[in-house]
Amino acid sequence: MTAVPVEHGLILAGALFVLGMLGVLVRRSIIFMLLSVEIMLNAAGVAFVVAGSRWQQPDGQVMFIFILAVAAAEVSVGLALAIRMYHKLKTLDTNAAGRMKG
Amino acid sequence: MIAMNDMLWIMPAAPFAGFLVLALAGSRLPRKWIAAVGAGSVGLSMFAALFAGCSFMSAPPGMHAYVQVLRTWIDVAGFSPKIAFYLDPLSVIMVLVMTVVGFLIHLYSAGFMRDDEGYARFFAYMNLFVGSMLTLVLAEDLLLLYLGWEGVGLCSYLLIGFWYKDEVNGYAARKAFVVTRVGDTAFAIGLFLLYSNLGTLQIQELMYRAGQQWAPGSVLAVAAAALLLGGAVGKSAQLPLQTWLPDAMAGPTPVSALIHAATMVTAGVYLIARTHVLFTLAPAVQAAVAVIGAATLLLAGFSALVQSDLKRVLAYSTISQIGYMFLALGVGAWSAAIFHFMTHAFFKALLFLGAGMVIISLHEEHNMFKMGGLRTQLPLVYRTFVIGALSLSALPLLTAGFYSKDLILWEVWSSKSGGPLLWAAGLAGALLTSLYSFRMVFITFFGEAKTKAGGKPGMSMSVPVVILAVLSVAGGFVEVPVHFFTGFLAPAFPPVQSANKAAGEIILQIIAGIVSVSGIVLAWFLFLRSPHYDKTLSQSGFGSLVHRLWFAGWGFDRLYDVLIIKPFLWAAKVNRDDFIDLIYLGVVWTSAGINRFLTFTQSGKVRWYVTGVAIGAIVILGIVVLL
C-alpha cells in the first residue's frame, strides 16, 4: 500500500476548510451554519492526521481526538442555542436574530 | 484679683466656644439650650469686657495698653506673627460696644427667631461673628486683624443668605461677599506692602517704624494708606463700594442690626483709627477719606429719602452715618469718629430691632406704605423707635446722636484739614437725616392703619429694645459736659489739629440744632400734614426722574452692571472655546467619532461577524506569509 502524498492530504484539508467557510458565510439557516462549522473542524483534523503520518508521530491523532471532543461540546451548545432561537423567533434564519445591533 | 493681662483671651474665646457647641451639637439641643448657649457665650464675653473696661479705667496700665501674647502663630524665615491681644482705650470702647450691643441683640434674637427651623444654625453663625469681630478689634497684629476681618466677612455672607432657599437672598449674599472682596484684596496688598517695607505687621511697632522711616507724603506712605482705605471702604460700604449694603437687608433683622449697622460695617472706621499714623503721613489719602465720607453721607441720605422698604431706609441711613465717621476720620477727629460709632451703634441697633418687631407683627411686611397707624397698636415699639429716630436726627441737648454728630461737625469746621465746605456737606446731611428719619416714623406709625398688627413682642424682645433706647439717650452724656469720652481716648490718638477758629462752637451747635429740628418739622409737613406736595413733586417729570435715580441708589448697581459685570460675562462667554479648550474638545470629538464608527460595525448579523473574522485571518496570514 503506497502512502498518500502529503500534498494531496493538505489540498483535501484546504478544500474542505474553504467549503466549510463558504457554507458559514452563505447559508442563512443556523443548522447549516453549524454543519459547515463541523466541516471546518474536520478539515483541521484531516490536516493534523496528514501531518502526523508524514512525520510518523502520534501527536496528529491525539490532536484529532481532542478536536472531536471540542466539536462534540460545540455542537451540544450550538444545538441548544438553535432550539432556543427557534422557540423565540419561530425561524432558524440568523438574519432575524439581529437585535444586538448598534 | 486676676491680672487683666490674662483675661483678654476670654472675650473672643467664649463666642467661639459657643459656636463650636452649636455647630457640633446644635441640632440635638432643645431650643432653650440653644438660646442659652448662644446668648450666654456672648454674655460671658460681655462680662469679661465690662471687667476689663472697669479695671482699665480704675487703674490705667503703663503705656495705656495691656498686651497678652498667647503664642506664636507662624514662624518662618523671620516672619513670626503672634496671636496676641492688645487692649488700649480704643479697643476698650470697641469691645464694650460690641459685646453690650451684641448681647442685647442675641437676647432679642432668642425671641425673634423663635419659630425658625434654623435656630441653632443662626446662633452658631452669630457667635462665630461676635468671636471674629472681637478678634478683629483686639488683634495686636495686622495679620490676626485680617483673620478677624475675613471671619466677619464670612459670617456676613452666611447670615445674609441665612434663608438660602430664596434665590434672591443667595444673590444678595454673594453680592456682599464679592463687593467686599474687592476692598479686602486692596487691604491684603496693603499688608504685603507694609511687611515688605517695614518688616513687621505688629500694629504698634509698624506705626512707630512708619513714622520713623517714611516722610510725610512719601509715595510708600500714600500707597499703603490708600490700600488700607480700599479695605475700609469695602467693609464700611462707602463710595464706591457701597452697593452691597442695601441688598444685605435680605438677612434676618437681628443680623442687619448687629452686623450691618452696629459692628461689622464700622470695622473700616476702626481700621483707619487704628492705623491713623499712616493716614497722618499721607495727607492726600486722609483728605480723600473726608471727601469720600462727605460724598457718601449725602448720596446715601438722598437715597434714604425715597425708599419704601423700611429696612432699606435704615440701610442707606447706616451708609450715610458711617459717612459721618469717615468725614471725622478724614479731618483727624479720631475720637469724634469713635464717639459717633458708639452712639450710632446704640440708636441704629435700636431702630433695626424696632423695625424687626414691626415687620414680624405685620407678617413680614417690609413696605412702609402698607403700614401706618402703628402708634396705637404697638405703643412700646412706637416710643422706642421715636427715641431712636430722634437720636439719629440729632435732636439737640437730649439725645446721644446730637452730641456725637455735633462734635464731628464742630471739628470738621475747626480742623486744619476740614473747612466750611465739608462742614456744609455735613450740615446738609444732618437735614437729610432728620427728614428721612421722620418720614419713616410718620409713614410707619401715624396716619390710618393699613395692616392690622398681630401679636405683641415678648419680653426677650422688649427688654433689649428698652435698654438700647436708654443708651441712645444717655450715651451722649459720657462726653458732655465733662469730656470723659475724648479724655479717655486721648492717650490713643493725637489731638485734633485745630486751625484756631476757636470761637463759635456754641453758634455752630445752635445752627446744627435748628437744622435738625427743621428737618423734623419739614418731614411732618411733607409726609403727614400735606402729603400731596410730596406726591405732586415725585410725579412731575423731573421729580420722578430724580425719584427713580435716588430709589436705585444713584444707579450704581446699573453702572457696575454695564461697566464690569456685563463685559466680564461677555469675556467669559467668548473665552469658552479658546485654544486650550480646543485640545480637550478635540479628544472628546475623536473618541465620539470612533465610537460612532464602531457602533456601525455591530450590525447584529452573525454572518457579517464571520466575514470579519475571515477577512482578518486572511490579512494576518497574508502579513505572515509576505513578510
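The values are calculated or read from the model by the stated rules, or taken from the named source; none is laboratory data. It should be emphasised that the depicted structure is a prediction, and the values quoted were computed from it without experimental measurement. So basically every Cβ, Gly included, is an ideal-geometry build from the backbone, and we count neighbours across all protein chains shown. In case anyone asks, the SASA skips ligands and DNA or RNA and just uses the protein heavy atoms, side chains included. Shrake-Rupley method; radii C 1.70, N 1.55, O 1.52, S 1.80 Å.
Hey, can you tell me all the residues within the range B:585-627 that are within 14 Å of another protein chain (Cβ to nearest Cβ) and of a type in the set (S, T, N, Q)?
Hits for the range B:585-627 are B:N595, B:T599, B:T601, B:Q602, B:S603, B:T611.
Among the residues of the range B:227-264, write down those that are farther than 19 Å from B:E150 by Cα and not hydroxyl-bearing (S, T, Y).
Hits for the range B:227-264 are B:L239, B:P240, B:P246, B:D247, B:M249, B:A250, B:P252, B:P254, B:A257.
Is the range B:455-475 home to any residue that is charged (D, E, K, R), farther than 19 Å from B:S391 by Cα and not in a helix (DSSP H, G or I)? Talk me through it step by step, then tell me what you get.
Step one: list which residues in the range B:455-475 are charged (D, E, K, R), which gives B:456.
Among the residues that remain, those that are also farther than 19 Å from B:S391 by Cα are: B:456.
So of that shortlist, the ones also not in a helix (DSSP H, G or I) come out as B:456.
Yes.
Do the conditions hold for B:R607, that is, is it within 30 Å of A:S36 (Cβ to Cβ), free of Cβ contacts under 8 Å to residues at least 60 places away in the same chain and surrounded by 11 or more Cβ atoms within 10 Å (Cβ to Cβ)?
On the way: within 30 Å of A:S36 (Cβ to Cβ): yes; free of Cβ contacts under 8 Å to residues at least 60 places away in the same chain: yes; surrounded by 11 or more Cβ atoms within 10 Å (Cβ to Cβ): yes.
Considered against the rule, which asks whether it is within 30 Å of A:S36 (Cβ to Cβ), free of Cβ contacts under 8 Å to residues at least 60 places away in the same chain and surrounded by 11 or more Cβ atoms within 10 Å (Cβ to Cβ), B:R607 comes out as yes.
Just the residues that are open to solvent by less than 10 Å² (accessible area, probe 1.4 Å), among the aliphatic types (A, V, I, L, M) and modelled with pLDDT under 90, please, taken from the range B:97-138.
B:M113
Residue-by-condition table, conditions (1) in contact with a Ser or Thr (Cβ under 9 Å, 6 or more places away or on another chain); (2) part of a helix (DSSP H, G or I); (3) of a type outside the set (S, T, Y):
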site	(1), (2), (3)
B:V517	yes, yes, yes
B:K535	no, yes, yes
B:V546	yes, yes, yes
B:P567	no, yes, yes
B:K573	no, yes, yes
B:F597	no, yes, yes
B:Y609	yes, yes, no
B:I615	no, yes, yes
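B:S335 - would you say it is hydroxyl-bearing (S, T, Y) and under 19 Å from B:A304 (Cα atoms)?
Details: hydroxyl-bearing (S, T, Y): yes; under 19 Å from B:A304 (Cα atoms): no.
It is false that B:S335 is hydroxyl-bearing (S, T, Y) and under 19 Å from B:A304 (Cα atoms).
Answer yes or no as to whether B:S80 is farther than 19 Å from B:N127 by Cβ, open to solvent by less than 60 Å² (accessible area, probe 1.4 Å) and without any contact (Cβ under 8 Å) to a residue 40 or more places away in the chain.
Taking the combined requirement at face value, the residue satisfies it.
Based on this model, can you work out whether B:T399 counts as within 23 Å of B:A355 (Cα to Cα) and either modelled with pLDDT under 85 or over 26 Å from the mean Cα position of the chain (by Cα) (or both)?
Working: within 23 Å of B:A355 (Cα to Cα): yes; either modelled with pLDDT under 85 or over 26 Å from the mean Cα position of the chain (by Cα) (or both): yes.
In short, yes.
For B:Y533, only one of the following conditions fails: (1) under 30 Å from A:L19 (Cα atoms); (2) in contact with a helix residue (DSSP H, G or I) (Cβ under 9 Å, 6 or more places away or on another chain); (3) open to solvent by 100 Å² or more (accessible area, probe 1.4 Å). What is its number?
(1)
Wholly within the range B:159-255, which helices (runs of 4 or more DSSP H) include no fewer than the required count, namely at least 2 residues that are farther than 25 Å from B:P81 by Cβ and open to solvent by 60 Å² or more (accessible area, probe 1.4 Å)? Give the derivation first.
On the way: elements: B:167-198, B:203-213, B:219-235, B:244-247.
Filter on the range B:159-255 gives B:167-198.
Out of B:D578, B:D557, report the one residue that is open to solvent by less than 80 Å² (accessible area, probe 1.4 Å), of a type outside the set (A, V, I, L, M) and under 30 Å from B:L431 (Cβ atoms). Steps first, answer last, please.
Values: B:D578 fails: under 30 Å from B:L431 (Cβ atoms).
None of the other options fit; the residue is B:D557.
Is the range B:417-436 home to any residue that is in contact with a strand residue (DSSP E or B) (Cβ under 7 Å, 6 or more places away or on another chain) and either crowded, with 23+ Cβ neighbours inside 10 Å or of a type outside the set (V, I, T) (or both)?
In the first step, residues of the range B:417-436 are kept if they are in contact with a strand residue (DSSP E or B) (Cβ under 7 Å, 6 or more places away or on another chain); the result is none.
No, every residue in the range B:417-436 fails to be in contact with a strand residue (DSSP E or B) (Cβ under 7 Å, 6 or more places away or on another chain) and either crowded, with 23+ Cβ neighbours inside 10 Å or of a type outside the set (V, I, T) (or both).
Residue check, B:V482 against (1) of a type in the set (V, I, T); (2) part of a helix (DSSP H, G or I); (3) free of Cβ contacts under 8 Å to residues at least 12 places away in the same chain, all met but one. Which one?
All conditions pass for B:V482, except number (2).
Suppose we filter the range B:15-48 for residues that are in a helix (DSSP H, G or I), open to solvent by less than 80 Å² (accessible area, probe 1.4 Å) and in contact (Cβ under 8 Å) with a residue 60 or more places away in the chain; how many remain? Quick ask: steps written out before the conclusion?
From the range B:15-48, those in a helix (DSSP H, G or I) are B:15-28, B:31-48; that's our starting set.
In the following step, the residues that additionally are open to solvent by less than 80 Å² (accessible area, probe 1.4 Å) were identified as B:15-19, B:21-23, B:25-26, B:34-43, B:45-46, B:48.
Those still in the list that are in contact (Cβ under 8 Å) with a residue 60 or more places away in the chain too: B:15-16, B:18-19, B:22-23, B:26, B:34-35, B:37-39, B:41-43, B:45.
Selection size over the range B:15-48: 16.
State yes or no: is B:A512 over 26 Å from B:L297 (Cα atoms), assigned to a helix (DSSP H, G or I), away from chain A (no Cβ under 14 Å) and of a type in the set (A, V, I, L, M)? I'd like the intermediate steps shown before the answer.
Values: over 26 Å from B:L297 (Cα atoms): no; assigned to a helix (DSSP H, G or I): yes; away from chain A (no Cβ under 14 Å): yes; of a type in the set (A, V, I, L, M): yes.
No; evaluated as a whole, the condition is false for this residue.
Kindly list, by first and then second residue, each pair from a residue in the range B:147-171 that is β-branched (V, I, T) to a residue that is assigned to a loop (DSSP other than H, G, I, E, B) and open to solvent by less than 10 Å² (accessible area, probe 1.4 Å), limited to pairs with Cβ atoms under 8 Å and residues at least 6 apart or on different chains.
B:V152/B:T263; B:I160/B:G251
Just for the range A:19-65: of the residues that are within 18 Å of B:I618 (Cβ to Cβ) and either open to solvent by 80 Å² or more (accessible area, probe 1.4 Å) or of a type in the set (S, T, Y) (or both), which one is farthest from the chain's Cα centre (by Cα)?
A:V26
For the range B:115-141, enumerate the residues that are within 19 Å of the chain's Cα centre (by Cα), assigned to a helix (DSSP H, G or I) and farther than 20 Å from B:M249 by Cα.
If the condition is that a residue be within 19 Å of the chain's Cα centre (by Cα), assigned to a helix (DSSP H, G or I) and farther than 20 Å from B:M249 by Cα, then B:G131, B:S132, B:L134, B:T135, B:L136, B:V137, B:L138 are the ones that fit.
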